[in-house]
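Structure, as structure tokens:
The values are calculated or read from the model by the stated rules, or taken from the named source; none is laboratory data. Just so it is clear, the model here is predicted, and its values are computed rather than measured. Note that each Cβ is placed from the backbone with ideal geometry, even for glycine, and that neighbours are counted across all protein chains shown. Heads up: the accessible areas ignore ligands, DNA and RNA and are worked out on the full protein's heavy atoms, side chains in. Shrake-Rupley method; radii C 1.70, N 1.55, O 1.52, S 1.80 Å.
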Amino acid sequence: MHAAIIGAGIAGLACAASLREAGIAVDIFEKSRGPGGRMSTRRGEGWQCDHGAQYFTARDPAFRAEVARWIAAGAAAPWQPRLAVFGGSGGHGSEGSPERFVGTPGMTAPARLLAAELALAARTTVNQIERDGAGWRLASAEHGWLPRRFDAVLLAVPAPQAVPLLQSSAPELAVLAARVRMRGCWSLMLRFDSRLPLAFDAAFINAGPLRWVARDSSKPGRLSREIDVPDTWLLHAHAEWSEAHIEDMPEAVAPILLQAFAALAGPAAETPQAWTAHRWRHADTDPPLERECAWDGGLGIGLCGDWIHAGKVEGAWLSGRALARELLRSQGVTRAA
Ligand code: FAD
């Protein structure tokens, strides 16, 4: 049994790690430069900033055990920001204070830890999958048809990116993925040459264009010799606002988000030393499908990811593990994944 996994976000990596533990050979194909997907950290001259997932919670016992392993390996740590909520109650931030964790020294660290033991082909954008006898062939934009034939193919990519791959060879799964609506998010990373004098390190915002702001430099493990920018902040816009402005230029988006930040944080917040914008086209799912994963044992193809299961880092990890379990069950392997 040799499986191909498309996508090296936390779902694909969790799936691959489970299969590898059970003795299944796995190749992972990832279109970007490295693993992590939306658990991502942007690095520049003297600064870094998590610009996708901001933190993760761990409620499921299996995921808590995994997070403990990441912490023991130095790849994650608890984060206890001074937290504020602006713009009324009942919105984001009203769920109390769950334990929050971040990757260390950046949000990509847990993914890098998992990927270190796996066969990962980066910069490989799978753009076609095709049945080949009882197995599968894959083609990538960079390398054309790949030489290996796989017994199973597991897609761990956002739903809109899964649909075109599935349409001709697994139309029922294509219909399932096409039901899902994923929403965009504008993200703005700010560098300040002195520390903003604020009484909070992170805030949920329930009015205006912003949804979340966080002092990235307040996260554990961020200080190193390579980082010399004193204060780094991350702004995330609301899904509705982001969707309405998703095709705008960064130069049009940034002043609006900076102005909204200054309304909370004072005039100095509007004039950072430098800013970098990032447009996420598929940030979250509204709502996720209420299942763990999808597996077609007859065809040997499956889907996992946050959009199927609970829409967060924890849900994505659980979904990847669930898909590995389904594949192992179909092979008659009964050990828990
Ligand atoms: P992804 O991380 O998207 O991984 C999919 C991977 O597939 C990517 O690496 C992609 O490059 C790759 N890929 C796609 N198509 C192809 C292809 N054709 N060939 C090869 N590779 C391909 N979650 C939380 O728990 N807490 C938060 O605070 C939080 N905040 C967030 C804020 C933002 C702005 C965003 C964007 C997300 C946030 N999330 C948060 C959600 C969290 O990041 C995701 O739920 C989780 O990381 C999804 O993991 P995944 O493996 O399912 O998908």
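Taking the protein heavy atoms of the range 17-113 in the context of the full set of protein chains, the accessible area attributed to carbon and sulfur is 50 percent at 1.4 Å. Both radii are taken from the alpha-carbon atoms of the chain; with Rh as the Kirkwood radius, Rg/Rh is 0.98. Multiplying the residue separation of ALA25 and GLN80 by 0.36 nm and removing their Cα-Cα distance gives an extension gain of 15.9 nm. With r defined as the distance between the Cβ atoms of ASP228 and ALA199 and R0 fixed at 22 Å, what FRET efficiency is calculated, to the nearest 0.05? Step by step, r from the Cβ atoms, then E = 0.30.
Near the amide H of ASN127, within less than 5 Å, lie the amide hydrogens of ALA139, SER140, ALA141, all on another chain or at least 5 residues away, with H placed in the peptide plane.
Dimensions of the range 254-312 based on its C-alpha atoms, expressed as ranges along the principal axes with the largest first, amount to 60, 20, 13 Å. For the range 198-337, the percent of C-alpha pairs falling in each 5 Å distance bin, counted from 0 to the bin holding the largest distance, reads 2, 8, 14, 14, 13, 12, 10, 9, 7, 5, 3, 1, 0. Work from the charge dipole of the chain (Cβ charges, +1 for Lys and Arg, -1 for Asp and Glu, about the Cα centre) and give the residue of ILE205, LEU235, GLY12 farthest towards its positive end. Towards the positive end, the residue furthest out is GLY12. Taking label points 7 Å from Cα along the Cα-to-Cβ direction, SER168 and GLN259 give a separation of 4.9 nm. Note on ASP248/GLN331: beta-carbon distance plugged into 1/(1 + (r/R0)^6) with R0 of 41 Å gives a FRET efficiency of 0.25.
Quick check: residue separation of ALA62 and ARG179 times 0.36 nm, minus the Cα distance between them. What number comes out in nm? Intermediate results must be reported in sequence, preceding the final value.
On the way: separation 117, 0.36 × 117 = 42.12 nm, distance 2.89 nm.
39.2 nm is the gain from fully extending ALA62 to ARG179.
Protection proxy ranking, highest mean first, for peptides 221-227, 4-10, 16-22: 4-10, 16-22, 221-227, where packing is the per-residue count of other beta-carbon atoms within 10 Å, averaged. Rolling a 1.4 Å probe across the protein heavy atoms gives the range 2-330 an accessible surface of 42 Å² per residue. Placing +1 on the Cβ of every Lys and Arg and -1 on the Cβ of every Asp and Glu, with nothing else charged, gives the chain a dipole about its Cα centre of roughly 580 debye.
Taking the Cα-to-Cβ direction at ARG112 and at SER32 and moving 7 Å from each Cα, how far apart do the two end points lie in nm? Roughly 1.4 nm, to one decimal.
Cut-off 17 Å, label point 7 angstrom out along Cα-to-Cβ of HIS143: give me the residues of the range 16-60 whose amide nitrogen falls inside. Residues 25-35 fall inside that zone.
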